[in-house]
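Structure first, commentary second.
The values are calculated or read from the model by the stated rules, or taken from the named source; none is laboratory data. In this text, all values refer to a predicted model and were calculated from it rather than measured experimentally. Quick reminder, even Gly has a Cβ in these numbers, built from the backbone with ideal geometry, and neighbours come from all protein chains shown.
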Amino acid sequence: MKIFITTLAMLFSIITYAQEIDVDIEEDEDMEEEMESPNMYKDLKNPEDIADAVTEGLSDPSEKAEAIFKWVTGNIAYDLKMFEDFTTGERDKKKGKRIKRSDMEEHNAKKVATALKKKKGICEDYALVFKAICDEANLETEIVKGWIRNDPSKLRSTGTKHIWNVVKVEGEWLHCDATYASGFVNNYDEFVFDYEADSYFFPSKEQMQYTHFSKDTTYKLTPVALTKDVFKKRPLVGKGFFTNKITKLDPNEVAISVKKGENVTIAFESDEKLSNVTCYRPKTDETFMVKHVQVGNRNNVIIKTKDFKSGPIHILANNELIAAYKLTVIK
């Protein structure tokens, strides 16, 4: 479930086609713009109709999955009221007993129909809708249950219970999370559509293991499945981690200890040319310049801690979070 969708970010292209003969250029541009909008088929409410519409002309499984993913993330808004009912226990009072396994298929079909009608839902609804449309497009898709860690204010937490999807492409299960790719909740408790693919549509498993932990080892994100305790101890990462394709993050645990006055070095690899790398301290709402050394794809971010007190630190590149740590300064 989605408790907090950070402003670290999250918002396409579907299919375009060319027409010949005497078509006015401005009209053609308008037509192309319309074709690229995920809202073009927003009124569709049947998974089969949606699958037919958004995957027309596509044969590659990855392209079909992406087209469906974009439709779901562009048309289903996060339902804050439903989430509130879950957190307060109100939904359990309304629904009563747990659904029997034998009735689960019918129950899920009703949830899909409701989400497509209202164009709203929570993580379970996003995952069910995505799977229902993928099933109609003959894509092998499953639902994954586990936890997500993407809230920098909860560095020592195992995360929030969450549901997302995997799609089988060329024999490999690839992860995608339509809930978090769809947008974010602003400071006024309003959902804002803001598509983000880098972090949540088929990201590398090496990166996604920092944010998602699956209960089912069938869909593990590492060659050897992580334990929940190891997952909890990882640094918390944000949009900049994904957009800059960060790997080999060091230190690779969220807790850092340093003697007062000593420097802290955060190291990682990235093929991107990073700029405006800074250190942000949430407790004091201050941003500090750091020494950033990039040689090839290797990066060292050196932070002077002379005047620092213990507390969280965020490493940013162009104001996008790369990683967050819990710093303990020892006198």
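Tabulated values for the structure
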read-out: Qualifying positions in segment 206-252 - aliphatic (A, V, I, L, M) and modelled with pLDDT of 90 or more; value: Met208, Val230, Leu236, Val237, Ile246, Leu249
read-out: Segment 175-201: number of residues that are in contact with a helix residue (DSSP H, G or I) (Cβ under 7 Å, 6 or more places away or on another chain) and of a type outside the set (A, V, I, L, M); value: 13
read-out: Which numbered condition Leu274 fails, given (1) surrounded by fewer than 16 Cβ atoms within 10 Å (Cβ to Cβ); (2) under 30 Å from Leu174 (Cα atoms); value: (1)
read-out: Boolean, Pro312 is within 24 Å of Leu226 (Cβ to Cβ) and crowded, with 17+ Cβ neighbours inside 10 Å; value: yes
read-out: So Ala132, is it surrounded by 19 or more Cβ atoms within 10 Å (Cβ to Cβ), in a helix (DSSP H, G or I) and touching a strand residue (DSSP E or B) at 6+ places or on another chain (Cβ under 8 Å); value: no
read-out: Test for Cys134: is it farther than 18 Å from Tyr78 by Cβ, modelled with pLDDT of 95 or more, assigned by TED's automatic domain parsing to the domain that holds Ser62 and out of contact with any Cys (no Cβ under 6 Å at 6 or more places or on another chain); value: yes
read-out: Among (1) under 17 Å from Val72 (Cβ atoms); (2) at pLDDT 95 or above, the one test that Lys168 misses; value: (1)
read-out: Qualifying residues in segment 49-101 (those that are of a type in the set (D, E, K, R), more than 25 Å from Asp198 (Cβ to Cβ) and in contact with a helix residue (DSSP H, G or I) (Cβ under 6 Å, 6 or more places away or on another chain)) - the one modelled with the lowest pLDDT; value: Arg91
